[in-house]
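Notes for the one structure printed next.
The values are calculated or read from the model by the stated rules, or taken from the named source; none is laboratory data. As the structure is a computational prediction, the values presented were derived from the model and not from experiment. Ideal geometry is used to build each Cβ from the backbone, glycine not excepted, and the neighbour counts take in all protein chains shown. Surface areas here come from the heavy atoms of the whole protein model, side chains and all, with no ligands, DNA or RNA. Shrake-Rupley method; radii C 1.70, N 1.55, O 1.52, S 1.80 Å.
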Amino acid sequence: QVQLVESGGGLVQAGDSLRLSCAAGGLTFSIYAMGWFRQAPGLEREFVAGISRTGGSTSYEDSVKGRFTISRDNSKNTVYLQMNSLKPEDTAVYYCAADRKPFLDIVSIAQKMYDIWGQGTQVTVSS
């Protein structure tokens with residue numbers, strides 16, 4: 001079955017770092033752009049970062065730019081989100097998602113473009 005499995009979340013203090021991982025199975029990973037989204041309690045799910053199928057293009061939400069880095073290893077069918085200088089407002093469930101792009105090395109920030117979603121991993125940042 002097609003699946004995305006997130007890992008690496010946890011409870012940290014403000015200023016700490018975490019690296020999230022998303023392992024993909026049951027799909028041809030190299031033809032999917034990948035994205036990270038997050039949802040805090042009572043709020044809508046929001047775009048965080050995205051990366052094109054080859055890694056040639058990335059996009060970030062303004063509040064995480066300069067702190068978070070998205071990367072991928074197509075040989076391992078895995079996408080990562082390195083999160084540095086974490087803030088309490090980063091607290092959310094973080095979701096990995098896949099957007100099929102067989103020909104173009106582009107990335108979308110619109111979550112409606114993403115067809116496949118993981119179950120999420122909790123990130124909690126205490127002050």
(message) To make sure I understand the rule: partners must be lysines, Cα under 16 Å from the Cα of residue 101, and not fewer than 8 residues away in the same chain. Which ones qualify?
(response) 112
(request) Work out from phi, with θ = phi - 60° and the Karplus expression 6.51 cos²θ - 1.76 cosθ + 1.60, the ³J(HN,Hα) of each residue of the range 28-45, listed in order in whole Hz, and give x for Gly and Pro. (result) 7, 4, 5, 9, 10, 5, 10, x, 10, 10, 9, 9, 8, x, x, 10, 6, 5
(message) I'd like to check one number: the per residue accessible area of the range 3-127, probe 1.4 Å, reported in Å² as a whole number.
(response) 49 Å²
(request) Restricting things to alpha carbons, tell me how big the chain is in terms of Rg and Dmax, in Å. (result) 13.6, 44
(request) Specify which residue in the list 75, 91, 56 is farthest towards the positive end of the charge dipole of the range 1-95, using unit charges on the beta carbon of Lys, Arg (+1) and Asp, Glu (-1), about the Cα centre. (result) 75
(request) Taking the Cα centre of the chain as origin, sum charge times position over the Cβ atoms of Lys and Arg (+1) and Asp and Glu (-1), and report the length of that vector in debye to the nearest 20. (result) 260 debye
(message) Sorting check: for 101-114, 42-55, which peptide has the highest mean count of neighbouring beta carbons within 10 Å, and how do the rest follow?
(response) 42-55, 101-114
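In the chain, carbon and sulfur make up what percent of the accessible area (probe 1.4 Å)? Mind dumping the intermediate values first?
Details: 3050 of 6410 Å².
Whole-percent figure for carbon plus sulfur exposure: 48.
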(request) Taking H placed 1.01 Å from N in the peptide plane, check which residues at least 5 places from residue 72 or on another chain put their amide H under 5 Å from its amide H. (result) 80
(message) 7 Å from Cα along Cα→Cβ at both residue 115 and residue 57: what's the point-to-point distance in nm?
(response) 1.9 nm
